[in-house]
Amino acid sequence: MDQYPTLKLIAEKGDLIAIVIGLLPVLGALAIGATVVWHWLILATGLVAGGVLYGLTRSYVELVRVIADVMIPR
């Protein structure tokens, strides 16, 4: 797996990467809400987008782990 450093990174640190990517829209919504007129819809949109991105990233990480386990010799 040393010849595929990106797959190794995603397979090992994928859970943390998914959490960070999922938190980005939430933090962005908080930043926008703090600088512009605060509205609950901004936070709701950030939470929904964060959940969707977390789910998509998590599924991508699982796919990479399956591919790494099946296709790459150890």
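Number of residues in segment 50-66 that are over 20 Å from L24 (Cα atoms), in contact (Cβ under 8 Å) with a residue 24 or more places away in the chain and hydrophobic (A, V, I, L, M, F, W, C): the value is 1. Listed by first and then second residue, the pairs with beta-carbon distance under 8 Å, at least 6 apart or on different chains, first residue in segment 10-38 and part of a loop (DSSP other than H, G, I, E, B), second aliphatic (A, V, I, L, M), are V36/I42. Considering L41, L24, L47, the condition of being within 9 Å of the chain's Cα centre (by Cα) and hydrophobic (A, V, I, L, M, F, W, C) is satisfied by L24 alone. Based on this model, can you work out whether D2 counts as of a type in the set (D, E) and either part of a helix (DSSP H, G or I) or under 9 Å from the mean Cα position of the chain (by Cα) (or both)? Spelling it out, it is not the case that D2 is of a type in the set (D, E) and either part of a helix (DSSP H, G or I) or under 9 Å from the mean Cα position of the chain (by Cα) (or both). The condition of being hydrophobic (A, V, I, L, M, F, W, C) and in contact with a Pro (Cβ under 6 Å, 6 or more places away or on another chain) holds for only one of A29, A49, A44, that being A49.
Coordinate-derived values only; no laboratory data. Everything numeric in this text was worked out from a predicted model, so none of it was measured. Counting neighbours? That spans all protein chains shown, and the Cβs are built from the backbone with ideal geometry, glycine included.
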